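Since the structure comes first, as structure tokens, the remarks are kept for the end.
Derivation of every value follows stated rules applied to the coordinates shown; laboratory data play no part. Predicted, not measured: the structure shown is a model, and the values here were computed from it. Cβ placement follows ideal geometry from the backbone for every residue including glycine, while neighbour counts extend to all protein chains displayed.
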């Protein structure tokens, strides 16, 4: 899926791969719900301070006026909302326009058709941020236009080994479909990834922000007497400046009965000489199960930095700049440094684990966004 085209807001929900809306194609009937297409974007520094935690609720909007009776009044400018790019235009029929969805107020509405004056709506609280394709989106996906029980469509690439990745309707955060990763019990390998290449998120390949919704049925259960299983939900990866290894930023878990969250930095061992690095940063927080969780990330190539958020709250004990708490290999040339690649070339999403587990795993993903700025969480 690509980003939504331009600054237009669709009048009705549409599958994301067809979400671009041309302002010039709107019919006369659409004047009752026309969207602002020319308002300037809100400054990014304002957006960063207005993110609303997962589970908060936004306010209600004004009511559109009727089209019958005497001429309606001109609609007032839309109220300024928070975090999404443009305020909505004033509604025809003389109503106060809906609360703006961010930044600047919407344009004033045009006089209504012959009809009763519209009822003034109540602006309420600003709506939640985290629209599926907000300002700054480089890529977004909701799997609604994919075929059930099949791998997701291009540009996703299959990167599974010992697990499956299929579009599924048993559970979805929004719409009717999501991506299901199924991991059978038993020994490794267990890799249920789908991959996204850099050309699909080129604008965010150095400062990559992302957001996904994930439902983990249960954490993996290790064999009797064995340590909790190490697993990964997603990772950003790119070739090093020296071109002799891949640098990998991961989000997953291990400890705390397999639920403890973990930031992990690892390098591939394909160089000559080989580069060995496998470092960790543990969190006191655990991965929710049996519910939709909102996970956000920030991978910074310029600062050798990684950040994560869970349900709108930063996991500050997983904020790593330069190096984490410990490494399996702490030797030259990296000496424990989390040295980011010049650019992230591949994003892997799904599930990977590195030991045998005794239970079958199911994990669903939905409403994925890769962006140049923090995205935030949608309403539950």
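Report the full-extension gain for the segment residue 329 to residue 199: residue separation times 0.36 nm, less the Cα-Cα distance, to one decimal in nm. This chain segment gains 43.6 nm when fully extended. Classify segment 239-285 as rounded, prolate or oblate from the Cα gyration tensor: take a ≥ b ≥ c as the square roots of its eigenvalues, call it rounded if a/c is under 1.5, otherwise prolate when a/b beats b/c and oblate if not. Since a/c reaches 1.5 and a/b is larger than b/c, the shape of segment 239-285 is classed as prolate. Mean separation of Cα pairs under 8 Å and 6 or more residues apart, divided by the residue count, gives segment 137-371 a relative contact order of 31 percent. Using a simple spin-label model with pseudo-atoms 7 Å out from Cα toward Cβ, residue 176 and residue 278 lie 4.5 nm apart.
Sorting the segments 237-244, 171-178 by their residues' average number of neighbouring beta-carbon atoms within 10 angstrom, most packed first, yields 171-178, 237-244.
Rounded, prolate or oblate: which fits segment 149-287 when a ≥ b ≥ c are the square roots of the eigenvalues of the alpha-carbon gyration tensor, with rounded for a/c under 1.5 and prolate only if a/b beats b/c? It is oblate, given that a/c is not under 1.5 and a/b is not larger than b/c. Sequence-distant contacts, meaning Cα pairs under 8 Å at least 6 residues apart, place the relative contact order of segment 252-378 at 20 percent.
Determine the shape class of segment 306-377: with a ≥ b ≥ c the square roots of the Cα gyration tensor eigenvalues, call it rounded for a/c under 1.5, and otherwise prolate if a/b is greater than b/c, oblate otherwise. Oblate, since a/c reaches 1.5 and b/c is not below a/b. The Rg/Rh ratio of segment 137-371, with Rg taken over Cα atoms and Rh as the Kirkwood radius over Cα pairs, comes to 0.94.
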